[in-house]
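J.: This structure is in structure tokens; I'll ask about it shortly.
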Amino acid sequence: MARKSPKNEGKRERFKRLAQARTNRVIKSLKILGNCADKSRYEYLKEDVERVFAAVDRRLNKTKARFDLPTDKEEFKL
């Protein structure tokens, strides 16, 4: 059951609450993905694994970049 946010919750507290829950979901999903490494249950090629982790790496890098972008909008001038 999702925890409801208090009306007086500040931005920092909201970030901490949501980031913790979402990070834990990502970690759980990666553990579940790791179950596919069981060769007694699955058959895969090295290329398959490389493609899976390339996709994960791309998404991780895009997400990290969103935190690194400056918050000010720069104005374009010629």
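The values are calculated or read from the model by the stated rules, or taken from the named source; none is laboratory data. Model, not experiment: these values are computed from the prediction. Note that each Cβ is placed from the backbone with ideal geometry, even for glycine, and that neighbours are counted across all protein chains shown.
J.: With respect to the numbered conditions (1) closer than 19 Å to Phe67 by Cβ; (2) exposed (fewer than 10 other Cβ atoms within 10 Å of the Cβ); (3) hydroxyl-bearing (Ser, Thr, Tyr), which one is the sole condition not fulfilled by Ser40?
T.: Only one criterion in (1) closer than 19 Å to Phe67 by Cβ; (2) exposed (fewer than 10 other Cβ atoms within 10 Å of the Cβ); (3) hydroxyl-bearing (Ser, Thr, Tyr) is unmet by Ser40, namely (1).
J.: Which condition breaks for Asn35 when tested against (1) part of a helix (DSSP H, G or I); (2) modelled with pLDDT under 90?
T.: Single failed check for Asn35: (2).
J.: Now for a separate question. In the range 1-26, which residue that is aliphatic (A, V, I, L, M) and exposed (fewer than 10 other Cβ atoms within 10 Å of the Cβ) is modelled with the highest pLDDT?
T.: Top of the filtered list is Ala2.
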